[in-house]
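The values are calculated or read from the model by the stated rules, or taken from the named source; none is laboratory data. Just so it is clear, the structure is predicted and the values come from calculations on it, not from any experiment. A quick note on method: Cβ atoms are made from the backbone with ideal geometry, for glycine too, and the neighbour counts reach across all protein chains shown. Ligands, DNA and RNA are excluded from the accessible area calculation, which covers all protein heavy atoms including side chains. Shrake-Rupley method; radii C 1.70, N 1.55, O 1.52, S 1.80 Å.
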Amino acid sequence: SPSDFAWALSNLFSNIIKSFGFIPAEYQTGGEVLNFIKEQFGSTTAQRRQLEFLIELLKRLDELEAKINSDYIKTDEFETYVLKCFDSIKHEQFEAKRLAFRNALINIATGKIKNNFEKEYFMNNLISFTDLHFALLSFFNSPEEHLKNAGINLNSLKAQSGGEERDFQRVFQDVDFELLKLALSELKQKGFITLDLSMWRSASTRTVYESLTTDYLTKLGKNFIEFCLDEE
């Protein structure tokens with residue numbers, strides 16, 4: 001029932017907030033928790049970020065009520081996943097990754113990802129990946145869009161052979177190429193991408209446009225990105 005779902009969400013909210021450990025006992029009932037939060041909470045950037053994250057998550061879960069089993073929202077398993085993200089979010093500056101945390105929880109709640117081993121594996125990778133790993137995967141998912149956003153003219157890439165590394169670096173705010181290589185090899189080791197950088201150095205008939213927009217994501221990499229995207 002709708003009231004059962006609303007109860008499950010508000011119970012989840014209370015449990016997550018209590019995990020902060022600094023809410024006085026007299027406030028730890030329903031509406032009182034909210035009063036305390038409104039008065040005292042969010043004094044640090046990290047806390048504000050966590051609270052915003054939690055409210056956005058609950059709002060989205062509420063919108064998708066028809067697709068969600070309210071019994072699952074009440075489980076320890078789901079609460080543990082929310083707590084994992086909640087804890088990570090306070091250190092997270094990268095907005096795209098914060099959104100990925102929310103989307104991953106939505107996909108777990110709606111049963112889009114059903115296999116428990118897969119959920120656990122993807123969630124742990126999402127938490128442990130740096131912003132650079134995450135930005136690289138986002139690039140491979142939609143390279144044209146990222147190249148355009150970096151102010152790179154796609155037509156000029158179609159007329160160019162060689163020099164992929166320079167244009168690739170521009171997409172990532174000119175991050176040191178050695179660091180890019182390291183992050184790429186880690187993603188390749190994980191089995192998320194197939195890119196072998198030596199391909200960019202060898203004499204080739206491919207244009208820079210073709211080299212940069214090839215689909216380098218593996219099936220596992222694509223599944224991980226699906227895990228991080230909201231289905232709507």
Query - In sequence order, calculated HN-Hα J values of segment 96-112 (Karplus, 6.51, -1.76, 1.60; Hz; x Gly/Pro) - result: 4, 6, 4, 5, 5, 4, 4, 4, 4, 5, 4, 5, 6, 5, 7, x, 5
Report summary line: With Rh as the Kirkwood radius over Cα pairs, segment 78-185 has Rg/Rh of 1.06
Requested in this report: Using only Cα atoms, tell me the angle between helix 2-18 and the longest principal axis of the chain; keep it within 0 to 90° and round to the nearest 10.
Outcome: 80 degrees
Report summary line: Of segment 199-226, those with amide N under 19 Å from the point 7 Å along the Cα→Cβ vector of Arg166 are 199-213
Query - Computed accessible area, Phe227, all protein chains, 1.4 angstrom probe, square angstrom - result: 0 Å²
Report summary line: For Lys67, the accessible surface traced by a 1.4 Å probe with all protein chains present amounts, in square angstrom to the nearest 10, to 110 Å²
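Helix-derived [θ] at 222 nm for the chain: sum -39500 (n - 2.57) over DSSP H runs of at least 4, divide by residue count, nearest 500?
One gets -20000 deg cm²/dmol as the mean residue ellipticity at 222 nm.
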Query raised in the report: Suppose every K and R has +1 on its Cβ and every D and E has -1 on its Cβ; what is the size of the dipole of the chain about the Cα centre, in Debye to the nearest 20?
Result: 420 debye
Report summary line: Listed by chain and number, the residues whose amide H is under 5 Å from that of Ile193, excluding neighbours fewer than 5 places away on the same chain and using placed H, are Lys188, Thr218
Report task. Report the relative contact order of segment 84-232, percent, no decimals, based on alpha-carbon pairs under 8 angstrom and at least 6 residues apart. Result -> 34 percent
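Using every Cα-Cα pair within the chain, state what percent have a distance larger than 22 Å.
59 percent
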Report task. Could you provide, to the nearest whole Å², the per residue accessible area of the chain with probe 1.4 Å? Result -> 52 Å²
Query raised in the report: How would Trp200, Trp7 rank on accessible area, largest to smallest, probe 1.4 Å?
Result: Trp7, Trp200
Requested in this report: Provide the FRET efficiency to the nearest 0.05 for the Asn116-Arg201 pair, computing r from the beta carbons and using R0 = 45 Å.
Outcome: 0.60
Query - segment 162-232: mean projected area of Cα convex hull, nm² - result: 5.6 nm²
Query raised in the report: Of all the accessible heavy-atom surface of the chain, with the other protein chains kept in place and a 1.4 Å probe, what percent is carbon and sulfur?
Result: 50 percent
Requested in this report: Please turn the phi angles of segment 156-165 into ³J(HN,Hα) values with the Karplus equation 6.51 cos²θ - 1.76 cosθ + 1.60 (θ = phi - 60°), one per residue in order, whole Hz, x for glycine and proline.
Outcome: 5, 5, 6, 9, 10, 10, x, x, 3, 4
Query raised in the report: Nearest 10 degrees, 0 to 90: what angle lies between the long axis of helix 30-40 and the longest principal axis of the chain (Cα atoms)?
Result: 60 degrees
Query raised in the report: Between their Cα atoms, which of Lys18/Lys90; Lys97/Lys188; Lys119/Lys190; Lys112/Lys181 are more than 27 Å away from each other?
Result: Lys112/Lys181
Query raised in the report: With axes computed from alpha carbons, what is the tilt in degrees of helix 45-63 against the longest principal axis of the chain, rounded to the nearest 10 within 0 to 90?
Result: 80 degrees
